[in-house]
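Written out below as structure tokens is the structure these notes cover.
The values are calculated or read from the model by the stated rules, or taken from the named source; none is laboratory data. Here the structure is a predicted model, which means the values were calculated and not measured. All Cβ positions, even for glycine, are placed from backbone atoms using ideal geometry, and neighbour counts span all protein chains on display. Ligands, DNA and RNA are stripped out before the accessible areas are found, and what is left, the full protein with its side chains, is counted by its heavy atoms. Shrake-Rupley method; radii C 1.70, N 1.55, O 1.52, S 1.80 Å.
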Amino acid sequence: MKFDLSNLKGDITGGLTAGIVALPLALALGVASGLGPMAGLYGAIALGFLAALFGGTPSQISGPTGPMVVVLAGLFASLSGDVALIFTAVMLAGLFQIAFGFLGIGQYIRLVPYPVISGFMTGIGAIIIILQFGRLLGHEPPSGTIGALSYMPTALADINFATLILGLGTLIIAYKWPAALAKYIPGPLAALVIGTLASFAFTNVPALGNIPTGLPSLHLPVYEQSHFFLVLEAAFILAILGAIDSLLTSLVADNMTRTRHDSKKELIGQGIGNTVSGLFGGIAGAGATMRTVVNIRTGGKTRISGMVHSLVLLAVVLGLGPLAANIPHAVLAGILVKVGLDIIDWSYLRRAHNGPRWDFALMILVLGLTVFVDLVTAVGVGVVLAALAFVRQIAQIQIDELKKIPDTLNDPKENALLKQADGRVSIFSFGGPLSFGAAADVGHHVRDKVKPGSQILIMDFTRVPTVDVSAGMAIETVASDAKGAGRRLIICGANDDIKQVLKGINAAQTDVESFDNLLGALEHAVKLINKEPDSTKKLSSSATLAGA
């Protein structure tokens, strides 16, 4: 593997800055996962280094992220803190992502509609904030969104004002840290240091306590039949969520660097990183947008910057324990509230009232399902509803096009032939792909809109690239109705794929003739009308579907 050394100085600067920014976030997200601050750092080191080395987005910084931590925290609660099974789920998630990369799943993940992505990302931000309310008030709330909300009255009845002041102060510093100073000390790191130093002025502030230092121990995967499907489900959710998070961050990096990422390599790199992270006791992660932006803005362009970011964290890990033991939970909670607020899609929420109401309603539904049910249900329901709405919209366009039975045509020859037919030919034209969404209504609208006295129906497929089986069956119904009414059906403009579908399901079994274009179909229709007035009523029993 070759390394691009043309931007070495910028990559070192960007990696150093991103590493400093990542430090407080890795600690806070590790604690939020339930696995402890060092698990957050180990994950940031392993994933950050390996995703940079093997991934497909050179400037991307990877590490623990809010969405992944929400899933891990839920798994931690479900498994009653069984660390071995949780790290097994992280490893499985990595293996899933490697498989996604080889199978090219990334191109399909990018098809998830924006309102769905906005809804579940905003929901994840809300979950992170809700889970920190108790800690800001000086309590350790139950796990889960419902549990944390249910515990709120208890926490409000016994507020620890020292932790509340520290948490809110940390949040304010992280948000209001001057841009001039942020060049030297990032806001989250400044908030962590200042908040920790300020905590020494109080006596009753819960802190992290004893933290092991040094290199992590190896965690081999374990198997328990009773929890197998729970671990497998969590691993799959982590893999999908990490893939979405990483590829969205890759798009941000592409826009900033005017490059194009490789989604296959990116998912393989993320998968390798998460697998090794689980082996060494680290939490799962993904491409981190804020850290990636910081890296690019401070000069990072190649994979070296992401590797430097991890080495910075590794150096910190080897001697951080004694210092990190004094970090208050409230300070980390303040940093996590900022993480949650940053994840919420404020940009869309501010403009949602100007857009389609259905999209906003879908976003709110996905948001609610994410917070109060689970991520899989939220994304699954959102994607299905969005797909059905899109199919319905396209189907309506197709049916509206079908209703437009022309009295005149743009082509002079075609128009002259239509006038010669003297109202005995009805033309039905489709626009765009003809799918199952419109199939159910095709026969109904043809029956309703056919001109009285029509002897020949022409179905124009010139603008139709594809049809599915449902649409093919609908054409068969139209042909049967035409035969029953004593009319002849002619198809024109159908390409070879459409003809193959119609032949495959015997849609042409009622004497349907096919022509390459509308002009040929009209010429044939006029000949039939002029040749013998009753000829259109004498339908043969054999099926023909051949090009003119």
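Viscosity 0.890 mPa s, temperature 25 °C: give me the Stokes-Einstein translational D for the chain in µm²/s, with Rh taken as the Kirkwood radius over C-alpha pairs.
The calculation lands on 91 µm²/s.
Note that segment 119-262 shows a convex hull volume over its alpha carbon atoms of 225 Å³ per residue. The per residue volume of the convex hull around the alpha-carbon atoms of segment 359-450 is 111 Å³. Taken over segment 208-344, the ratio of Cα radius of gyration to 2.2 N^0.38 Å equals 1.21. Rounded to two decimals, the Cα-based Rg/Rh of segment 83-202, with Kirkwood Rh, is 1.09.
Volume per residue of the convex hull around the Cα atoms, evaluated for segment 436-496, comes out as 85 Å³. With all pairs of separate Cα atoms included, segment 29-70 yields a Kirkwood hydrodynamic radius of 10.6 Å. When the C-alpha to C-alpha distance is required to be over 32 Å, the pairs from Lys413/Lys451; Lys2/Lys338; Lys9/Lys264; Lys176/Lys264 that qualify are Lys2/Lys338; Lys176/Lys264. Against the chain, whose longest principal axis is taken from its Cα atoms, helix 8-33 shows a tilt of about 80°. Rounded to the nearest whole angstrom, the semi-axes of the ellipsoid equivalent to segment 102-172, taken from the Cα gyration tensor as √(5λ), stand at 35, 14, 10, largest first.
Principal semi-axes of the equivalent ellipsoid, √(5λ) from the alpha carbon gyration tensor of segment 26-115, are 24, 16, 13 Å from largest down.
Rolling a 1.4 Å probe across the protein heavy atoms gives segment 266-421 an accessible surface of 44 Å² per residue. Pair-distance distribution of segment 325-368: all C-alpha pairs, bin width 10 Å, starting at 0; shares per bin in whole percent are 23, 35, 21, 15, 6.
Could you give the semi-axes, largest first, of the ellipsoid that matches segment 285-417, computed as the square roots of 5 times the alpha carbon gyration tensor eigenvalues and rounded to whole Å?
Details: eigenvalues 563, 101, 35 Å².
Taking √(5λ) for each Cα gyration eigenvalue gives 53, 23, 13 Å.
For segment 426-504 and segment 258-273, what is the separation of their C-alpha centers, rounded to whole Å? Cα centroid of segment 426-504 versus Cα centroid of segment 258-273: 45 Å apart. Here the Kirkwood formula, the inverse mean of 1/r across different C-alpha pairs, assigns segment 366-520 a hydrodynamic radius of 16.9 Å.
When the Cα convex hull of segment 1-152 is projected onto planes of every orientation, the mean area is 11.1 nm².
The convex hull drawn around the Cα atoms of segment 142-208, when projected onto a plane and averaged over every direction, covers 5.8 nm². Taking Cα atoms only, the orientation of helix 114-136 departs from the longest principal axis of the chain by about 20 degrees. Ordered by 1.4 Å accessible area with all protein chains kept, His309, His227 run largest first as His227, His309.
For segment 176-246, how big is Rg over Rh, using alpha carbon atoms and the Kirkwood form of Rh?
Rg/Rh: 1.17.
Relative to the longest principal axis of the Cα atoms of the chain, the long axis of helix 436-449 lies at roughly 30 degrees. Treating r as the C-beta distance of Lys183 and Asn210 and R0 as 41 Å, the FRET efficiency rounds to 0.75.
Using the alpha carbons alone, the radius of gyration of segment 446-531 stands to its Kirkwood radius in an Rg to Rh ratio of 0.95.
Taking Cβ atoms as reference points and 12 Å as the exclusive limit, the residues near Lys301 contribute a net charge of +2, counting Lys and Arg as +1 and Asp and Glu as -1. Placing a pseudo-label 7 Å from each Cα along the Cα-to-Cβ vector at Ala315 and Asp82 gives an inter-label distance of 4.1 nm.
DSSP beta bridges in the chain, what fraction antiparallel, as a percent rounded to 5? Could the numbers behind the result be given before it?
Working: 3 of 18 bridges.
Bridges in the chain are about 15 percent antiparallel.
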